[in-house]
Every structure is written in C-alpha cells, then in structure tokens.
Amino acid sequence: MIRRLLFAAAAALLLAACSGLAGEPRVVATIPAATPAPTEPAFPASRPDVALGAALYAENCVRCHGLTGAGDGEFALTGQVQNVASFQDPATSFEQEPHVWFQTITNGRIDKLMPPWQGTLSFEERWAVAMYTYTLHSTEAQIAHGRELFQAECVDCHGETGQGDGPRAAELSESPGDLSDHVGMIYLSDSAMAVSIREGIGDVMPAQGIEFGGEWNEEDIRSVVDYVRTLSLENPSAGRSLAVQAALAATAAPTTQGAGPEAAQATVPPPVATEEVGCTEPTVDASSAEAASIPDTVRITGQVTMASAGGTLPESLPIALFAFDPSFNRTQTDGVAAADGTFAFEDVPYAPGSSYIMTVNYRDRVFASDLRRGQTLADEAATGALDLSVIVYDLTDDPSVISISGMVSQVTVTGDSVEVAQVFSVRNTSDRAFTSGESTAEGAPISLIIPLPPGAVVVSLLGGENRFLVADDSSALIDTALVLPGEEHIINVIYLVPYGGGAIIEQEINYPFSGTARLLVRPTNLGVIGPQFPSLGPETIGTTQFAAYGSTLELEPAGVLRYELTGAAAEAGTVDRGTGVVSANNLPVVIAIVLIIAGLIALAIYVITARNRTTETTVGPQQQIDALAAAIADLDAEFEAGRVEEADYQTQRAALKARMARLMKG
C-alpha cells in the first residue's frame, strides 16, 4: 500500500504537466453539483498585471515551460511532458485572441497535460498569467523599436499613450480607438493588429507595410504590435526579469536533467530593467539576504487526527515521512506518533524545489497528508518548520453511503470504433472511508466496481494501473482507492467499442446516480438517440466543435445509462484531438486533466468486428486480444506513415501492449 501511494505521489510530481499555475489541484477532475457556479465577468476589471503573472508563473509553471517560457522545463527535458509550446515563439500566440488564451488557463488543455485553474487561481490572477505568457515572446529590444516607430508615425492620431487623443484625432471620420483599453485589447489578436498596421483601415489609417506602399517591413510591424500590446497592461516590462529571479529563488538553479548538451549549456538571461512609457519598473531584490533566508534543514511536525465519530487511534501509530528532492530522489524516514497523535521530525534536509508527504498506516490502509511543494512550501520552510498533519478515517463497507453525483463522456467516433473518455464523480456521504472489504485475486483491495458497456476494450487506465484494474472478463473497472468522506472521488477510463454505422452504449450503474449526465460527441453530424440524453445544442470548446447531450438523472442501483449513436463516422486521422477543452463556463460538468490521455490515444485504432446493434454480444478474452493486436498493427502503420508523433506512438503502443499482456496472462 505504501509503495502504491508513493507511486501515486511520484506520478503527481512527474505528470502534473504545468505543475500547476498554482500547484496541483487536489481534485484533478471536477463535476460540480447541480447548483450552477456564479458566472464570471467577461473581462478583467483592471489592466492585467504582468508582474503578478510573472510571479505566479515562476512559482508554478517553470517545470514544464522553463524559466524563460521556451518549453524547456525539467518535465519537458526528461520527456515526462511532450510537445510543450514555447512562449518565446511569437507563432504560439500570434493568431489567438487573449481572451481565448485566458480560457485555456481557466479550463486547462486535455491534450497538453494542463489542468484547469478556475478553482485555484482567482479571475484576476488568471488574467495576469495569461497576459504574461501571451507577451513573453516580446523582447525589450523589440518593444523599444516598436515604441520608436509608434512615436514617429502613430502618436498624431493615437496619442502618446494610445488613448486615441492625438492632435489629429478630431480630424478623422472615425475615432482611432483606445489602444490602452484593456477590455477591447483582449479581443484583438496580435495577428489582427498586424493586418491593420500592414494594410491600413480605409481612409482612417494608412497602410504601413512595404507591400502596401508603406515603409515598414514585417519585423517593424511585429515590433509595433508588441509595443502597442504593452499599452493595455500593468507593469509590461517587469515580468521577464521577475519570473527568472523568482524561479531561481524557488528552484535553486535551472535543471538540465535528461537534457542534451545544448540544454546543459543554456544560460538564463540576466534580469533587465528598461524604462517603459507610462510604467513604473518595480525594484526586484534578489540579494544574498533573500538566499540566506532559505534554511538547509526544517522541522516537520503535525498531528494524526481521527475524523470518524467513535473511531480511535492506537497509542503507537507507525508513520512515515517521504521527501523528494528537486531531482525526485526519494528519502523515507519512519517514526511513531505519540499517544495524542502528534509527531515531529527534526533536521530534515531541505532544498528549494523539494516535496514532502506524510503517510499513516491505519487498519492496513494508507492515509496521507497533502503533498507539499511549490511556493507555499518555500514560504513555510523559510520559517524553519513545516506542518504535515494527517486526517485518518475509520472504515466502512456499507455501499449505501456511496452515490454518483455526475458523469461526463467525451465520445469520438472514427472509422470502425467509438472512443469514450469517461469521468464519474463519486461521493461518500458518511464520516468513514469506504472500501468494499473485498480483494482481487492478487490481494488488491476493491473499493468501487464500475461496469463497462458490453464489448468495451479498455485502452487507458487514467490514474495508473496501481489504482485502477480491469476485471478478468473485461466487464468492469475496479477502483482500489479509498473513497474518503467529503471529497470528490474521481473515476476515469478510456475505452473503445465497435462502430458499424451505429452503436448502442449500455452501462449499468452499481450505485445510486443523482446528478448530471452529459455526452460531448464528435463529429457533430452523428445522431444520439435516448431519453436520458436530449440534445443541448452545439458546443465550441477551445477550437473544437462538439454536440452536447444530457440531463439530470435519478437512478437506483443497477440502473442503466443508455444511448444509441447513429450516422457516418469521421475518417480515421481526420478528427482533431489536440484542441478540445471542456469549458466550465459552457457546461455544468467539466472534464479536466483526468482526460488528458484521451488526446494521446491512436488516431486510427481499428477494433473488433462490428457487433449487432440490437443484440448484446459477449466478447471473450481471445477476441479482445485479437482486437488489441489489430489496434497495435494499425497504430504501427499510422506511425510509419508519419501521422503519429513518436512520443505519442510509444505511449499508445505501451498502453495497448500492457492490456494485451494482462489478457494473455489470464
């Protein structure tokens, strides 16, 4: 059990993608209750603060995106996260409007291992991070060059600060607009600004591009765009140096773990302070006094608390402290809690970038503290002490305390297969941790059993095979994790079912279901038939089109979720799996980071022969083995044809082979 917990903790560290824009959310997929959350405003109340965004970025994002946003963080260099975009490349943000960029931070990226941050960062903080990263490609030299051109050619109409109050503004047939208006600018992409500058706007604004009779080349135009963007931001020139200094303080030094010689020789540019029009450059003190405040060791204390009524803790309760250094090397220190549950570990080695977790073994189940890392940990470590208290629950095997509060499935139909990336939200209404009291043949404890549709072939166990298992007959998903009271318990899986012009999906539910059930279906021309899933209309999520279906359901145990898919499937390889993001603003349910692997499943997996749409067919192990072998062969063909990236290919192939190995062993 401890090894399983440690594997999960290490996976959280290694696969947390952005490692958070404010650390990892405790719940990585959220299906909110039926009560709708308050609607957020459409735009920030004040100009986004780039310096604030830089500080948040430095605290939590550098492990994926790197100190300078070049996509060379340690998770990227070691291959834990694939295809991290470079914010230093103008093309990354050039075509996007800032409000879309903000939505990506708010809702996460399924395909990029990036969780949503609406519940972690405030509205204004997300805007600060959005504008810091959106403008990170702009160098001080480019901004300065853009300012010179703007002052030479544009201030007569736009004014010194871009407010549209230049001396010639009154002569124009239309107002030149207010370039310092942060609300208007968040709906204007860099690309759109470049087009207006290059080609002009009627008789109001002359074209500046050389090809349109002007004198500016493309570099000039981009420089002016970069400068104009600063007019609607707070502290626009402060961010870059602040991020580098804050990240250095938080991580001691940039890592080159797993990188090649070029990365090992890379250097961090020194902080730069440049005069900025209309801005005050904040002073950043990265002096030795700050470094001296970071201790070499810390004292870790806390208390083990029984939270179940009537539950008691033994007088000598074994505890274990696990520390992970910045390179993820693990150290275990064992101890015993006092009679009142208190504990203390003296002189624990500490280095910036370390992580800590405390575990307690109670009734053969492991309970753990929060995984402590990031800036919050650094702030507390500076005091010389950390608190890693652990809450423990007594156990119950009464299934009446379990209910399902929501379900969302992302359904993608390509070729002869239906790929379903599914999330259930489960709640425990008692004050005890739920486990069924049963175990698998290998001795793994069984908490929950979620039946799968007939004919389903599991291709990815989201959360790892240390937690989720597939029943020997592939009829159900087995969850071995305790269901804790008062916390949202997420079950996630990706499976395939055959499609031959149509498919009936029937899924029995072992527990009471009271909440929202939703489907997000693509391609959008497909038909969905079933009284439980009426149409909710089209949904544009990120840049991906879905058709949404769903309703609020009340089902007793052994109830069935059922819907029928009809219509022509998309051709293999034509469905874009890389840009869909489920928006909390558009849907009352959210697919979050637990669905990230959905974007990595093969583009053209060919699965088992079509079953009769009106009869239920039992698919035996040998048929599943044959299906998986065919899927691997098709994946190999897609890779050889250059339609699948090598990193994605290796991930997909390993998942399929592991599933086949388990079936063959059985």
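The values are calculated or read from the model by the stated rules, or taken from the named source; none is laboratory data. Being a predicted model, the structure only gives us computed values, none of them experimental. All Cβ positions, even for glycine, are placed from backbone atoms using ideal geometry, and neighbour counts span all protein chains on display. Ligands, DNA and RNA are stripped out before the accessible areas are found, and what is left, the full protein with its side chains, is counted by its heavy atoms. Shrake-Rupley method; radii C 1.70, N 1.55, O 1.52, S 1.80 Å.
Is it true that residue 451 is modelled with pLDDT of 85 or more and closer than 29 Å to residue 396 by Cβ?
Working: modelled with pLDDT of 85 or more: yes; closer than 29 Å to residue 396 by Cβ: yes.
So residue 451 fits the description; yes.
Note down all Cβ pairs under 7 Å where the first residue falls in the stretch 171-186 and is more than 14 Å from residue 233 (Cβ to Cβ) and open to solvent by 40 Å² or more (accessible area, probe 1.4 Å), the second is acidic (Asp, Glu) and part of a loop (DSSP other than H, G, I, E, B), and they're at least six residues apart or on different chains.
Matching pairs, first to second residue: 173/203.
Under the condition of being assigned to a strand (DSSP E or B) and surrounded by fewer than 18 Cβ atoms within 10 Å (Cβ to Cβ), which residue from the stretch 503-515 is modelled with the highest pLDDT? Step through it out loud before you land on a result.
Of all residues in the stretch 503-515, those assigned to a strand (DSSP E or B) come to 503-509, 513-515.
Now restrict to residues that are surrounded by fewer than 18 Cβ atoms within 10 Å (Cβ to Cβ): 506, 514.
Numbers: 506: 96, 514: 93.
It comes out as 506.
Within the stretch 488-502, track down each residue that is assigned to a strand (DSSP E or B), over 28 Å from the mean Cα position of the chain (by Cα) and not small (Gly, Ala, Ser). Full working, then the answer.
From the stretch 488-502, those assigned to a strand (DSSP E or B) are 489-498, 502; that's our starting set.
Next, from what is left, pick out any that are over 28 Å from the mean Cα position of the chain (by Cα): 498, 502.
The one that is assigned to a strand (DSSP E or B), over 28 Å from the mean Cα position of the chain (by Cα) and not small (Gly, Ala, Ser): 498.
Across the stretch 158-194, what is the total count of residues that are of a type in the set (Lys, Arg) and under 28 Å from the mean Cα position of the chain (by Cα)? Step through it out loud before you land on a result.
Just the residues of the stretch 158-194 that are of a type in the set (Lys, Arg), to begin with: 168.
Filter once more, so that each one left must be under 28 Å from the mean Cα position of the chain (by Cα): none.
Final tally of qualifying residues: 0.
When the stretch 516-527 is examined, which residues are found to be open to solvent by 10 Å² or more (accessible area, probe 1.4 Å) and either modelled with pLDDT of 95 or more or of a type outside the set (Val, Ile, Thr) (or both)? Outline the logic, then answer.
Just the residues of the stretch 516-527 that are open to solvent by 10 Å² or more (accessible area, probe 1.4 Å), to begin with: 516, 518, 522-525, 527.
Matches in the stretch 516-527: 518, 522, 523, 525, 527.
Hey, among the residues in the stretch 57-101 that are of a type in the set (Asp, Glu) and either part of a loop (DSSP other than H, G, I, E, B) or open to solvent by 30 Å² or more (accessible area, probe 1.4 Å) (or both), which one's farthest from residue 233 (Cα to Cα)?
Residues of the stretch 57-101 that are of a type in the set (Asp, Glu), as a first pass: 59, 72, 74, 89, 95, 97.
Okay, now just the ones that are also either part of a loop (DSSP other than H, G, I, E, B) or open to solvent by 30 Å² or more (accessible area, probe 1.4 Å) (or both), so 59, 72, 89, 95, 97.
Values: 59: 21, 72: 26, 89: 20, 95: 19, 97: 15 Å.
The residue in question is 72.
Name, by its number, the condition in (1) in contact with a strand residue (DSSP E or B) (Cβ under 6 Å, 6 or more places away or on another chain); (2) part of a loop (DSSP other than H, G, I, E, B); (3) surrounded by 22 or more Cβ atoms within 10 Å (Cβ to Cβ) that does not hold for residue 485.
Exception for residue 485: condition (3).
Report every pair of residues separated by at least 6 positions or lying on different chains whose Cβ atoms are under 9 Å apart, first residue within the stretch 504-520 and touching a residue at least 24 places away in the same chain (Cβ under 8 Å) and over 24 Å from residue 428 (Cα atoms), second part of a loop (DSSP other than H, G, I, E, B) and among the aliphatic types (A, V, I, L, M).
505/456; 520/582; 520/587; 520/591
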